[in-house]
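Novice: The following block contains the structure, expressed as structure tokens.
The values are calculated or read from the model by the stated rules, or taken from the named source; none is laboratory data. Everything numeric here is computed off the predicted structure, so don't read it as measured data. Note that each Cβ is placed from the backbone with ideal geometry, even for glycine, and that neighbours are counted across all protein chains shown. Accessible surface is based on the protein model in full, side chains and every heavy atom, while ligands, DNA and RNA are left aside. Shrake-Rupley method; radii C 1.70, N 1.55, O 1.52, S 1.80 Å.
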Amino acid sequence: STTLTSSQIGSMTAKNYCRALVTIGSCSDISNVVTLDVCPTQNVWKGESTDWNTPANWNSGVVPLPCNNVIIPYTDIPNFPAISGDNAVCNDLIITPGAKLTLNDGETLFVDGNLVIESNKTLGTGTFVDNNAAGGLTIGGTTTVQQFLTGSSTLERFPQWYISSPVAGGTSTTFDALAAENKLFYWTESTHSFTEIEDNVSPLVMAKGYIARMGTDETTVNFTGTGLNTGPVEVTGLTYTGTTHNNRSYHLIGNPYPSFLDWDDLWNFQTTLLQPTLFIRYADGSLHYYNAVNGTTSNTSANSDIKTAFSPGLIAPLQSFWVEVVGETTPGNEGTISFTNANRSHQPQPANKLKAPAVSDTQLLRLQVSNGVGSDETVILFNEKAQNQYDLWDSHKMFTGIVPEIYTMAGVDKLAINGLNSVETTNVIPLGFRTETANSFNLSLSELQEFKSGTAITLIDNNTLPVTVTDLTSGSYTFNSDATDNSSRFTIIIKAPGAITKAINPEMSNAFVYTNNNQQLTVICNETLTDNANAIIFNSMGQQISTKNLTSTITVFEEKITPGVYLVKVKNGSKSTTEKVIIK
């Protein structure tokens with residue numbers, strides 16, 4: 001027979017060797033040997049090296065064949081696979097939670113069956129990086145990317161998951177949005193509002209951000225479609241609508257890939273008319289800020305747990321994030337952001353060299369307020385490239401309303417990160433405070449970077465009578481507040497070593513002298529003032545150059561003082577104190 005059938009061969013469990021015997025009358029001949037391989041159902045990655053095409057990296061000892069179901073595990077794998085030097089094939093492909101697969105530029109991967117990228121609570125979602133500009137992956141069957149989510153059977157406000165679809169052809173059935181216990185929303189900037197999706201047929205738009213709330217305490221959702229998103233993706237028409245609404249100019253964008261993105265690369269090279277700040281909200285309502293110009297982060301935490309899972313500026317797979325448009329937009333002149341396969345990476349990611357400035361270039365102080373459960377930060381930094389008015393060194397405050405929050409001001413703009421030019425010219429900074437619930441709060445200095453040793457950070461509570469003065473470099477400040485949004489509740493004063501030093505006759509412990517940003521000497525006297533209470537300024541020669549009666553807790557001398565050394569004598573009744581003031 002010219003054909004040897006499977007029934008004639010019989011069941012094969014190992015490699016077989018066959019020859020054909022041809023007989024004509026009394027003559028016969030035997031053919032060469034033909035080897036019949038048994039293709040194993042599974043071929044599991046071992047990872048002796050990173051090369052997909054090395055047989056020793058697979059448990060079968062054979063590079064995957066079209067009949068193999070390939071599994072890339074995470075546990076005990078020293079190296080994750082990269083496809084390079086030759087193309088790759090398999091039947092089904094499973095990338096397990098936390099595992100990684102890279103397809104290098106110029107190579108292809110053909111998955112004849114189905115592709116599944118798995119997720120779990122501990123390791124998160126596996127990642128796939130396609131380094132081909134237009135994509136080198138072909139999938140014959142279906143594509144599924146999982147995402148483990150926590151939920152709440154009581155439908156509380158949190159957890160809310162900020163998420164996006166990594167597959168082409170995905171729909172709202174991923175979240176079973178038709179079910180009453182599940183919620184799915186998207187944001188529209190032009191109306192400053194969320195819209196709920198209440199069906200299971202709405203398409204999940206590529207690079208669009210969504211917010212999902214699940215009615216099951218722990219669940220794994222499956223993004224199923226016709227393939228993974230790949231290649232260039234551009235989001236256009238990002239608008240800045242209105243003039244008064246707090247949420248104008250914000251857009252909820254989604255990472256379109258099952259891999260990490262770097263905000264530094266995106267903002268520096270692939271955005272137009274967007275502010276440099278990346279806003280990432282977490283499921284519990286916490287908020288992470290990252291500014292690509294100054295490389296600085298700030299955090300609002302719902303549970304006193306500052307999120308540090310990834311390096312600053314990294315956007316996780318399937319993560320949606322907020323961006324902010326710069327200024328007013330017009331048709332044809334609107335914000336854009338584009339993504340390419342060149343932006344994709346696995347985690348961890350080394351610090352990007354484009355982050356600027358270096359730590360040593362910038363003086364930075366970080367303040368934190370807490371109610372004992374949640375906390376919030378604001379950052380003040382100084383660099384000669386920054387301006388004192390609002391610019392790209394600044395990041396707007398995105399209020400959550402779930403924790404007490406602090407902020408500084410640049411004109412009318414409330415800031416989470418405030419970049420200023422010089423501490424020599426701006427050392428008195430108003431600090432705002434906002435809370436939606438009355439409580440007791442604690443305000444502290446959590447970081448002081450690149451300031452001279454001995455620099456004092458002084459906090460003045462303008463709401464207390466007498467005002468309360470606290471040196472935050474030696475302790476924190478505890479205070480009470482009703483619900484409020486007060487942009488001038490506190491004042492921060494930065495004093496370099498030797499700028500103000502207690503000098504003669506310190507009979508008054510409640511007097512405080514400093515120079516404000518207008519080069520004006522300011523006196524705080526936290527005592528009951530007598531009729532003749534006053535402050536006198538003497539120059540270094542002992543000559544009196546100005547005097548002013550003290551009639552309130554805070555007294556400002558109108559004259560701008562030229563650089564030099566001065567003595568300020570504060571007198572109240574029979575008590576007095578003198579402070580030496582150095583103005584540079």
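Novice: What percent does the relative contact order of the chain come to when contacts are Cα pairs within less than 8 Å and at least six residues apart? Mind dumping the intermediate values first?
Specialist: Details: 1553 pairs, mean separation 45.5, N = 584.
Computed over the chain, the figure is 8 percent.
Novice: May I pose another question? Within the chain, which cysteines find no other Cys whose Cβ is under 4.7 angstrom from their own?
Specialist: Lacking a cysteine Cβ partner under 4.7 Å: CYS18, CYS27, CYS90, CYS525.
Novice: Moving to a separate point now. Among the DSSP beta bridges whose two residues both lie in the stretch 1-145, what percent are antiparallel, rounded to the nearest 5? Kindly include the intermediate steps, with their values, before the conclusion.
Specialist: Numbers: 10 of 35 bridges.
Approximately 30 percent, going by the DSSP bridge assignments.
Novice: Quick one: if you take sqrt(5λ) for each eigenvalue of the C-alpha gyration tensor of the stretch 323-463, what semi-axes come out, biggest first, whole angstrom?
Specialist: 28, 21, 18
Novice: Within the stretch 415-496, list the trypsin sites (Lys or Arg not before Pro) lying in a DSSP loop whose Cβ has at most 15 other Cβ atoms in a 10 Å radius.
Specialist: LYS452
Novice: Lysines within cross-link reach of LYS495: Cα-Cα under 20 Å, excluding same-chain residues under 8 positions apart?
Specialist: LYS452, LYS560, LYS569, LYS580, LYS584
Novice: Next question. Rolling a 1.4 Å sphere over the protein heavy atoms, what is the accessible area per residue of the chain, to the nearest Å²?
Specialist: Ligands and nucleic acids excluded, the figure is 45 Å² per residue.
Novice: Short version: ³J(HN,Hα) in whole Hz for each residue of the stretch 66-78, in order, from phi by Karplus 6.51 cos²θ - 1.76 cosθ + 1.60 (θ = phi - 60°), x for Gly and Pro, what are they?
Specialist: Working through the residues one at a time gives x, 8, 7, 8, 8, 10, 9, x, 9, 5, 6, 9, x Hz.
Novice: Step through the residues of the stretch 510-523 one at a time and calculate ³J(HN,Hα) from phi using the Karplus curve (6.51 cos²θ - 1.76 cosθ + 1.60, θ = phi - 60°), rounding each to whole Hz and writing x for Gly and Pro.
Specialist: Couplings: 10, 10, 9, 10, 8, 9, 7, 5, 9, 6, 9, 6, 10, 10 Hz.
Novice: On to the next question. With r as the distance between the Cβ atoms of ASP76 and ASN16 and R0 = 41 Å, compute the FRET efficiency 1/(1 + (r/R0)^6) and round to 0.05.
Specialist: Using R0 = 41 Å, I get an efficiency of 0.75.
Novice: Could you let me know the centre-to-centre spacing of the stretch 320-337 and the stretch 56-108, using Cα atoms, in angstrom?
Specialist: 40 Å
Novice: Could you tally the net charge around GLU156, taking each other residue with its Cβ under 13 Å from the Cβ of GLU156, Lys/Arg +1 and Asp/Glu -1? Let's see the in-between values first.
Specialist: Working: positive: ARG157, LYS183, ARG213; negative: GLU181, ASP217, ASP284.
Net of charged neighbours comes to 0.
Novice: Now for a different question. Excluding THR236 itself, calculate the net charge of residues whose Cβ lies under 15 Å from the Cβ of THR236, where each Lys or Arg counts +1 and each Asp or Glu counts -1.
Specialist: Around THR236, the charge tally is -2.
Novice: In terms of modelled amide H atoms, which long-range or inter-chain residues lie less than 5 Å from the amide H of ILE417?
Specialist: Under 5 Å from the amide H of ILE417 lie the amide H atoms of VAL379, SER395, each far enough along the sequence or on another chain.
Novice: What ranking of MET214, MET206, MET541 comes out by heavy-atom accessible area, probe 1.4 Å, highest first?
Specialist: MET541, MET206, MET214
Novice: May I ask you to derive the FRET efficiency for SER7 and ALA56 from their Cβ-Cβ distance with R0 = 45 Å, giving the value to the nearest 0.05?
Specialist: It comes to 0.80.
Novice: For the chain, give me the percentage of DSSP beta bridges that are antiparallel, rounded to the nearest 5 percent.
Specialist: Given both bridge residues lie in the chain, the antiparallel proportion sits at roughly 85 percent.
Novice: Below 15 Å, Cα to Cα, which aspartates and glutamates can LYS121 reach? Residues fewer than 8 away in the same chain don't count.
Specialist: Correct list for LYS121: ASP217, GLU218.
Novice: Another one. Taking only the alpha-carbon atoms of the stretch 1-151, what semi-axes of the equivalent ellipsoid follow from 5 times the gyration tensor eigenvalues under a square root, in whole Å, largest first? Don't jump to the answer; show the numbers that get you there.
Specialist: Details: eigenvalues 312, 53, 44 Å².
Sorted largest first and rounded, they come to 40, 16, 15 Å.
Novice: Could I ask something else about it? Under a 5 Å amide H to amide H cut-off, with H placed in plane at 1.01 Å, what residues pair with GLN387 once short-range neighbours are removed?
Specialist: Distant-sequence amide H within range of GLN387: TRP393.
Novice: Report the local net charge at SER345: Lys and Arg +1, Asp and Glu -1, summed over other residues whose C-beta lies under 11 Å from its C-beta.
Specialist: 0
Novice: For the chain, give the percent of accessible area contributed by carbon and sulfur heavy atoms, probe 1.4 Å, rounded to a whole number.
Specialist: Carbon and sulfur: 50 percent of the exposed surface of the chain.
Novice: Lysines near LYS385 by alpha-carbon distance under 19 Å, same-chain residues fewer than 8 away left out - which ones?
Specialist: Excluding near neighbours in sequence, the set is LYS353, LYS355.
Novice: Then there's this: For Cα extents along the principal axes in Å, pick the label among [x] 104, 64, 49; [y] 138, 48, 45; [z] 132, 63, 41 that corresponds to the value derived from the coordinates.
Specialist: Read-out taken from this structure: [y].
Novice: May I ask you to order 392-401, 22-31, 130-139 by the average number of other C-beta atoms within 10 Å around their residues, highest value first?
Specialist: In decreasing order of mean packing, 392-401, 22-31, 130-139 become 392-401, 130-139, 22-31.
Novice: How about the stretch 89-173: which GluC sites (Glu not before Pro) there are in a DSSP loop, with at most 16 other Cβ atoms within 10 Å of their Cβ?
Specialist: Counting only loop positions with at most 16 other Cβ atoms within 10 Å, the GluC sites (Glu not before Pro) in the stretch 89-173 are GLU156.
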